[in-house]
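Step one of this worksheet: look at the structure below.
The values are calculated or read from the model by the stated rules, or taken from the named source; none is laboratory data. Here the structure is a predicted model, which means the values were calculated and not measured. For neighbour counting, all protein chains shown are included, and Cβ atoms are generated from backbone atoms with ideal geometry for every residue, glycine included.
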Amino acid sequence: MSEQQPNDRLQCRWVKPLVAGAGPRYVQIADLIGDAIRTGELSSGDQVPPQRILATALGVDLTTVTRAYGEARDRGLIASFSGRGSFVTSTEETAGEVRIDLSMNIPAQPSERRIASLALAAMEEVFKRQGDRRLSAYDTGDSNLSAIQAGQAWLRPAIGDLANGNLVMSAGTQAAIYAALQSISQKGESVLCEPLTYPGFLLATRKLGLNAVSVKVDEHGATPESIEEMHRATNAKVIYLNPTLQNPTTRTMPEKRRSDIANTLLKLKMTLIEDDPYWFLLNDAPPPLVTFTKGVRTYYMASLSKCLWPTLRTSFVLMPVGEENNLFLESLRSSGMGGSPLLYGLTEHWIRTGVARQIVLQVQGEARARQTLARSILPKNACSHPSGLHTWLALPSNWNRQVFVEILEQHGIIVAISDAFSAEENPENGVRISMGGAANQSELAHALKQISSLLMEDRRRTRTIV
Ligand SMILES: Cc1ncc(COP(=O)(O)O)c(C=O)c1O
């Protein structure tokens, strides 16, 4: 480094000499800034030295530093302001009010570092096995045959040999629901569903101009009689069901009901979209509906978002047996050009090495602990499964659900209101509380206690009647 003034030295205290032959010098300088931020030598808001001073300190041309700062700006490391200089940008999320978001149904990972280290180790293996070239290409369907084979093994406990049928991968179940609806329905048609159902399905129907029409349910879920009645009334050809740990009601349809519904659908020649992301979280879930329809006119969608990791964006989709399914495949491709070979490779690796089953066990364990906590805090009428990710809470009549969620939000707690799940105008008065959104069990306990004590307030009494 060249001769410097003491103040210049202070500004450049994090600077290290560049290394000959270690790549372009402007890149090395940008790397130095990145390293200094990572090690804490530079913090958000710190000014980086004026370019002239850094050029002198490093013994390089001013233009090299100008280019380096451009590179650092492109990486989001610094921001420059004319006349004021360049500053390190914020490296952390803006600290705001603490919010506990229990509105998203995600699995709580027992320890964040654990999923990170499992993913990193697997990525390394995936690159070693598949090579950069294969992982840099688009998913063409044929390119992920070995991941599909892993998926067939994965699904065998749920659907047996049916898994060997028309199985494809999709970048999440949401994309597959949209593609299925698009390929089998026409604008203006009706699609049957339960009165409270997965909001992503409702969103897809709205976008496609379809009418989501609800069938009657009892404690076991949709009734075959009502499916038949609504089919005749609306001419609906398609039904969407989520029979295991239903989102949001947490209901699991028993085996007999599944078989009765399958027979009804076969008789009516209706197509079924069976959305089954929670099956692996239960140890005693009945066989999926697809095993009763034998795959006829049935899309079976098994997302890994809930039992493993939403970041995988991976769902295995069994397409209807004995059909070409070209329209479905085209729809899937037209919206996303397939999934990520890297994530599919990671999924395959986790399945083949047994890591996927271990993660399910851990997710179940954490879900169980959280549900036990919830049962000790929430009122007895709250519905949940011991290893489920969410709880359904019907609100007492003195509580308007809109007011309830707004007050909770003012306390920094977010839950999902029944209207988001409703295929009908006037839904049940309730909220869904997802246990996985809290960072840890003590944060969850804090949120649940707030919910519980708010429930006990009698809103009618707070209004002065004269
Ligand atoms: C019933 C149901 N289906 C599908 C999804 C979304 O699945 P994916 O992440 O695979 O798109 C969810 C997410 O909450 C869900 O609850």
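I'm trying to understand the selection: among the residues of the range 376-404, which are closer than 17 Å to Arg251 by Cα, surrounded by fewer than 15 Cβ atoms within 10 Å (Cβ to Cβ) and over 23 Å from the mean Cα position of the chain (by Cα)?
From the range 376-404, those closer than 17 Å to Arg251 by Cα are 380-394; that's our starting set.
Applying the additional criterion that residues be surrounded by fewer than 15 Cβ atoms within 10 Å (Cβ to Cβ) yields 380-381, 386.
Of everything in the range 376-404, those that are closer than 17 Å to Arg251 by Cα, surrounded by fewer than 15 Cβ atoms within 10 Å (Cβ to Cβ) and over 23 Å from the mean Cα position of the chain (by Cα) turn out to be Lys380, Asn381.
Residues in the range 85-122 that are modelled with pLDDT of 85 or more and under 29 Å from Cys12 (Cβ atoms): Gly85, Ser86, Phe87, Val88. Of all residues in the range 123-170, exactly one satisfies the criterion of being part of a helix (DSSP H, G or I), under 24 Å from the mean Cα position of the chain (by Cα) and of a type in the set (Asp, Glu), namely Glu124. The set of residues in the range 233-266 being within 16 Å of the ligand (Cβ to nearest atom) and within 23 Å of Ala382 (Cβ to Cβ) consists of Asn242, Pro243, Thr244, Leu245, Gln246, Asn247, Pro248, Thr249, Thr250, Arg251, Thr252, Met253.
Report yes if Ala79 is modelled with pLDDT of 90 or more, away from the ligand (no atom under 16 Å from the Cβ), surrounded by 11 or more Cβ atoms within 10 Å (Cβ to Cβ) and outside the structural domain of Ala445 (by TED's automatic domain parsing), otherwise no. No.
Please count how many residues of the range 171-188 are away from the ligand (no atom under 11 Å from the Cβ), outside any helix (DSSP H, G or I) and more than 13 Å from Met270 (Cα to Cα). It would help to see each step written out before you state the result.
Narrowing the range 171-188 to residues away from the ligand (no atom under 11 Å from the Cβ): 179-188.
Applying the additional criterion that residues be outside any helix (DSSP H, G or I) yields 185-188.
With the extra rule that they be more than 13 Å from Met270 (Cα to Cα), the set shrinks to 186-188.
Result for the range 171-188: 3.
If only residues of the range 311-327 that are buried (at least 17 other Cβ atoms within 10 Å of the Cβ) and of a type outside the set (S, T, N, Q) are counted, the one that is nearest to the ligand (Cβ to nearest atom) is Arg313.
So which residues in the range 143-170 are within 16 Å of the ligand (Cβ to nearest atom) and of a type in the set (Asp, Glu)? None - no residue of the range 143-170 is within 16 Å of the ligand (Cβ to nearest atom) and of a type in the set (Asp, Glu), so the list stays empty. Evaluate the range 328-348: report whether one residue or more is within 10 Å of the ligand (Cβ to nearest atom), closer than 17 Å to Gln152 by Cα, small (Gly, Ala, Ser) and buried (at least 20 other Cβ atoms within 10 Å of the Cβ). Checking the range 328-348: not a single residue is within 10 Å of the ligand (Cβ to nearest atom), closer than 17 Å to Gln152 by Cα, small (Gly, Ala, Ser) and buried (at least 20 other Cβ atoms within 10 Å of the Cβ). Residues in the range 189-220 that are outside any strand (DSSP E or B), more than 16 Å from the ligand (Cβ to nearest atom) and closer than 23 Å to Thr264 by Cα: 6 in all.
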